[in-house]
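Engineer: To start, I am sharing the structure in question, which I have written as C-alpha cells.
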Amino acid sequence: MLLYGEAWPRMPDTESLQDCPCVGPTREPDLHPGFMEEERNSDEKENALQERSLSAASRDGELQISAVPLAQGKVEERKVYSGDGVLGYLEMLEAQAHELGLKQEEKEQQEKKLDRLKARVQELRAQRDELRAKVELQEKRLLDKEGVVTDPAKPSAQTVLEWKMKSIKAMLQIFYLTGISGKLTKHGVCFCISTAYEGTYLDSYYVDLLIKPEVKIQRHSVPVFIPLEQIAKKYLQTDIRRFLSVLSDHLNAYVGRRHQADQLEEHFSDRIEGTLQRNSLCNLLVFNYNVSSNNKTFLFNVRLLYGDLCRSLPTEAIISCETGALSLLAEMAAAHSDAFRHVALHKAFNLLFNAKESQD
Amino acid sequence: MMFLCAERGLWGVGLISRGTLGVVAISPSAGHSFGCLQELGWGAVIGENIQTCCQLCTHGTSGVLIMDEVITEYIRRTVLKIPRDEIMAVLQKWGFLSEAQLQTINFRQTKESISHSVAQLCEESSANIKQAALLDIIYNHIYPNKRVWSVYHMNKTGEETDLFDFRDFKKKFRRRIQSALINVTINFREYEDNAIWIRIAWGTPYTKPNQYKTSYVVYHSQTPYVFISASVLRSNLPLLCQALVFASNYHDIREMELRSHCLNSLKDIVFKRYSQNFQTNYPQQERNVLTENVDLRINDENRSEKERIHRLNLECFGDGPQPKLDFAQYKLETMFKSDPRWDVLEKKEPFRCLVKFSSPHLLESLKSLAPAGLADAPLSPLLTCIPQKARNYFKIREKKSLLPGSFVSP
C-alpha cells in the first residue's frame, strides 16, 4: 500500500505525469495507480499491479521497495500485499481522498480567481469615483464662472455638535489654569489644584473625594507636611468650597515660598555666605549675607519666619549682626527687614543690592 | 576618661590631660603588654588598676595617641565597603582629603591597598571621630539599600504652626539622648531634599561607643514619619524614639508595618510620591495604547480581554514606576473552609498560616501578573492596597459576623 503518495503536493500545471519532464516513460509499470491522473487507465494498471504484487508476494514473501522519483523529490514507497478486504477498502478510500484533494484544489483556484476579480472591481470603482469627483468639480467651476450663486454649504447638525463638543473639551482642558478644577469620577470627584506664583505655573496636586456615604478623601497627592487632615476635619463635611479654597491657599503659599527660596539660591548664591537653611514647609529661612557700610563689611544674619502658612511673605524678619555693630547699622537693618517682609524674597534682594550698587 | 580598644587585643585607657594622651595597658600579663607597646613605639604606663594609672598619667607622663588608629581603622573599613570605581567620588564628596592628597592614591591597585593608602593619608591629616562619622553617613546615604529600614509614625495633638529649626532639633535630640546615655556618638547631616540624616553609635554606661554598632535615622522636617535602620542593639530603640519625639515636637511614636531595603521607595510610599492615577480633564501624559506590532497579518484574538486587563491594571497601579519593596507578609488566622463532610479538623480552631511574597521588586511583579496571564484581573485588594495602606505586613482574621469573610486588621 502506498503510504506517502497523497502527502506530496502536486505541481498545479502538470496534469499528467507524462508531461512532467522528470518522470521517464520507463517507470510507468512501477507506478502505483495513485500517482496517475484520472485520465489514465488506473483500474487496469491497478489490477495488473495487484497481480504482480501477489505473484511477487508468493514468490519472495517479502516487501518490495521501489523508488519513484517525482518532480518534487524522491519518494520511497512500500508495496504491501494488496488483496481484497481491508486493504482493498483502504485503497478505495485512498482513491476517494485523492479525488477530493483534486476537487479542493480546483475550488481554491476558483476562489483565487474570484478574489482577483473582486480586487479589480474595487480598483475600477475607485477610479470611477475619482473621475466622477473630477467631473463634478469641473461642472462646479463652470457654474461659478457663469456667475451662478450656489447655496453656501449648510453645516450639518452633526458637524455643529462635533464642533461644540470639541470646544467644550478644549475649555475643560485649559480649565486647570484657573487654579482649581475637577472631574467627576465613578464614586465622587477628583479635584486638581494647580499652583502658581506670580505668573509662573508650578506643581499640581490632586484630591480624590468620595461622595457617599459621606464626603471623604479617598486618596491625594498633597505633600505630607501640609496639614491636610486638619483642614479636612474643619471644612470638608460642611463646606467643600471653603475646604478647597483653604487647601489651595496653603498649597499656593507653600509653593510660593519654595519658589522664592529656590530663586534666591539660584540667582544670589554669590551674595549669600554659606548655605540657605530651610525646612520642608519653607516657613523658616536662615541665611547670612554681607553688607558694606563706610568701607567696612559686616555679616548680617537673617531669620525669616513665616508664621501664617497661607501667606508667602514672612511675618517676621529678624536681622542680627555678629559683632554687635547692630547699633550702627540699625537703620540699614530695619530697612532690610522691612523689605523682606513686604516684597518677595528674591525681589527684595534684587532691590537691596541693585539699589546699593546704584547708590555707590 | 575613655576606653579604647587597640587592635592587638590590648585594652588601653586613654586620658587627655592638658594635651597629653597617656596609654595605659591593662591586661593580665602586664609585662607582655608593655613589651608589645614598646614594640609599637609607644611609651607605656603600667598600673594595677585604673585609678593608679590615671594618677600616673596625670602627672604628665608622655604617651602616644592611639585614638587615631581606631579612627583610621574605621575609615579604612568604611572605604573597603565602597566599590572600587566609586571610591574617588565618595572621597571627593567627603571633602576631608584635599585634591592633592587624592591624586597621590593609585586607584588601580586592589581595594585593600587603596584603603591602606587612604588610612595613611587620614592619619597624616589627623582625622577625628567626627570626620570618620561623616564618611560613614555619606557612604550610607549613597548606598542606603544595604540596610533594612522601618518606618515609624508620630502623632501630635497641637495645631500650631511648626517652625522647624534644624539647630534646635539637633540640640534637643542630643540633649535627650545624652541625658540618658552619655556614651554615644551623634552626628547630623542635612541634605537638599530636607532630609536629616542622624548617625548614632551606641555605647553602654561603662564602655565607649562602638563605632561599628550604629543606628541611622532619616527624618524629613515637619513630617510625621521617621525612617529608622536600627542596629543589633534593639534595646536602645525606646531611647531613640523618645528623643525623636521630643526634638520634633510630637507626642508619641509607633512603628508602622512597613519595612524594606529601599529607603527611597519607603519615602515614596508614605509621602505619596508614587504615581497614582488621578482622573483629569486635560491629557497630562499620553497613555501608551497597546502599541504592538502593527503587522496587519497578525490578528489578536484576545484584544478586548488584553485591553480590559490593561485598563484594570492602570487603575490599580497607575502607569508610573512602582515603589520597590522586597516582600509582603500575610499572617492568616482564618478558619479552614472545607466541605463539612470532610471534617479535616476536629477542633474548630483558626488555621495559622504565614504567606510571604518575596521579590526583588514586589509591586512591579504584581503589576505584571495579570498581563502575563498568571492571575485574573483585577487582583485581590490585599495585594493592590500595599502602597495605599503603606504596609507590607498584614494579619488576616475571621470577620466576627454571620457573613463569612475575612478582614484585615492592624
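Engineer: Given the criterion at pLDDT 90 or above and closer than 18 Å to B:L332 by Cα, identify the matching residue among B:S401, B:S368, B:S358.
Structural biologist: The match here is B:S358.
Engineer: Being of a type outside the set (D, E, K, R), touching a Gly at 6+ places or on another chain (Cβ under 6 Å) and at pLDDT 90 or above narrows it down to one of A:L251, A:L209, A:L247, A:L305, so name that one.
Structural biologist: A:L209
Engineer: Which one is nearest to B:N155 (Cα to Cα) among residues in segment A:204-227 that are out of contact with any strand residue (DSSP E or B) (no Cβ under 7 Å at 6 or more places or on another chain) and more than 10 Å from every other protein chain (Cβ to nearest Cβ)?
Structural biologist: Only one residue tops the list, namely A:E214.
Engineer: On to the next question. Select from segment B:230-266 the residues that are small (G, A, S) and within 20 Å of B:P387 (Cα to Cα) and write down the one among them that is farthest from the chain's Cα centre (by Cα).
Structural biologist: Only one residue fits best here, namely B:S265.
Engineer: Also: Would you check which residues across segment B:309-327 are under 25 Å from the mean Cα position of the chain (by Cα) and in a loop (DSSP other than H, G, I, E, B) and list them?
Structural biologist: Scanning segment B:309-327 gives B:P321, B:Q322, B:P323, B:K324, B:L325, B:D326.
Engineer: Same structure, new question: I'd like the residue in segment B:138-164 that is basic (K, R) and in a loop (DSSP other than H, G, I, E, B) and, out of all such residues, is surrounded by the most Cβ atoms within 10 Å (Cβ to Cβ). I'd like the intermediate steps shown before the answer.
Structural biologist: Going residue by residue through segment B:138-164, those that are basic (K, R) are B:146-147, B:156.
With in a loop (DSSP other than H, G, I, E, B) added as a condition, the list becomes B:147, B:156.
Numbers: B:R147: 16, B:K156: 14.
Only one residue tops the list, namely B:R147.
Engineer: Another question, then. Can you tell me which residues in segment A:318-333 are surrounded by 12 or more Cβ atoms within 10 Å (Cβ to Cβ) and modelled with pLDDT of 80 or more? Walk me through how you get there before you give the answer.
Structural biologist: First, the residues of segment A:318-333 that are surrounded by 12 or more Cβ atoms within 10 Å (Cβ to Cβ): A:318-321, A:325-326, A:328-330, A:332-333.
A:I318, A:I319, A:S320, A:C321, A:A330, A:M332, A:A333 - these are the residues of segment A:318-333 that are surrounded by 12 or more Cβ atoms within 10 Å (Cβ to Cβ) and modelled with pLDDT of 80 or more.
Engineer: For segment A:189-199, give me the residue count where each residue is farther than 23 Å from A:V343 by Cβ and surrounded by fewer than 18 Cβ atoms within 10 Å (Cβ to Cβ).
Structural biologist: Selection size over segment A:189-199: 1.
Engineer: Kindly indicate the residue of segment B:165-188 that is within 14 Å of chain A (Cβ to nearest Cβ) and surrounded by 15 or more Cβ atoms within 10 Å (Cβ to Cβ) and also farthest from B:A132 (Cα to Cα) among those meeting that condition.
Structural biologist: It comes out as B:D165.
Engineer: Which one of A:L284, A:L276 is closer than 19 Å to B:D193 by Cβ, within 12 Å of chain B (Cβ to nearest Cβ) and at pLDDT below 90?
Structural biologist: Details: A:L284 fails: at pLDDT below 90.
Matching residue, one of A:L284, A:L276: A:L276.
Engineer: In segment A:337-347, which residues are surrounded by 15 or more Cβ atoms within 10 Å (Cβ to Cβ) and either in contact with a strand residue (DSSP E or B) (Cβ under 6 Å, 6 or more places away or on another chain) or closer than 15 Å to A:K296 by Cα (or both)?
Structural biologist: Result: A:S337, A:F340.
Engineer: Now, a different point. Taking the stated definitions as given, is B:Y212 surrounded by fewer than 19 Cβ atoms within 10 Å (Cβ to Cβ) and either outside any helix (DSSP H, G or I) or in contact with a strand residue (DSSP E or B) (Cβ under 6 Å, 6 or more places away or on another chain) (or both)?
Structural biologist: In short, yes.
Engineer: Return yes or no: is A:S248 part of a helix (DSSP H, G or I), without any contact (Cβ under 8 Å) to a residue 24 or more places away in the chain, hydroxyl-bearing (S, T, Y) and more than 11 Å from chain B (Cβ to nearest Cβ)?
Structural biologist: So A:S248 fails the test.
Engineer: Here's a follow-up. What are the residues in segment A:170-202 that are at the interface with chain B (Cβ under 8 Å from one of its Cβ atoms) and either basic (K, R) or in a helix (DSSP H, G or I) (or both), if any?
Structural biologist: Within segment A:170-202, A:L172, A:Q173, A:I174, A:F175, A:Y176, A:K183 qualify.
Engineer: Can you spot a residue in segment B:133-140 that is more than 14 Å from every other protein chain (Cβ to nearest Cβ), at pLDDT 90 or above and closer than 25 Å to A:L309 by Cβ?
Structural biologist: Among the residues of segment B:133-140, not one is more than 14 Å from every other protein chain (Cβ to nearest Cβ), at pLDDT 90 or above and closer than 25 Å to A:L309 by Cβ, which makes the answer no.
Engineer: Same structure again: What number of residues within segment A:155-169 are more than 14 Å from chain B (Cβ to nearest Cβ) and among the aliphatic types (A, V, I, L, M)?
Structural biologist: Number of matching residues: 3.
Engineer: Just the residues that are of a type in the set (F, W, Y) and either modelled with pLDDT under 90 or closer than 16 Å to B:T161 by Cα (or both), please, taken from segment A:212-236.
Structural biologist: Matches in segment A:212-236: A:F225 only.
Engineer: Also, I was wondering about something else. Filtering segment A:287-308 down to residues that are polar (S, T, N, Q) and away from chain B (no Cβ under 14 Å), which residue is nearest to B:Q222 (Cα to Cα)?
Structural biologist: That would be A:N290.
Engineer: Identify the single condition in (1) within 30 Å of A:A261 (Cβ to Cβ); (2) touching a helix residue (DSSP H, G or I) at 6+ places or on another chain (Cβ under 7 Å); (3) away from every other protein chain (no Cβ under 14 Å) that B:S215 does not satisfy, given that it satisfies every other one.
Structural biologist: Answer for B:S215: the failing condition is (1).
Engineer: Between A:E198, A:E162, which is on the phi > 0 side of the Ramachandran plot and among the acidic types (D, E)? If you could, list the steps in order and put the result at the bottom.
Structural biologist: On the way: A:E162 fails: on the phi > 0 side of the Ramachandran plot.
Step by step, each of A:E198, A:E162 is checked, and only A:E198 is on the phi > 0 side of the Ramachandran plot and among the acidic types (D, E).
Engineer: Kindly establish whether A:D239 is touching a residue at least 12 places away in the same chain (Cβ under 8 Å), of a type in the set (D, E, K, R) and either at positive phi or away from chain B (no Cβ under 12 Å) (or both).
Structural biologist: Spelling it out, it is not the case that A:D239 is touching a residue at least 12 places away in the same chain (Cβ under 8 Å), of a type in the set (D, E, K, R) and either at positive phi or away from chain B (no Cβ under 12 Å) (or both).
The values are calculated or read from the model by the stated rules, or taken from the named source; none is laboratory data. Remember, it's a predicted structure, so these values are computed and weren't measured experimentally. Glycine also receives a Cβ, built like all others from the backbone with ideal geometry; neighbour counts cover every protein chain displayed.
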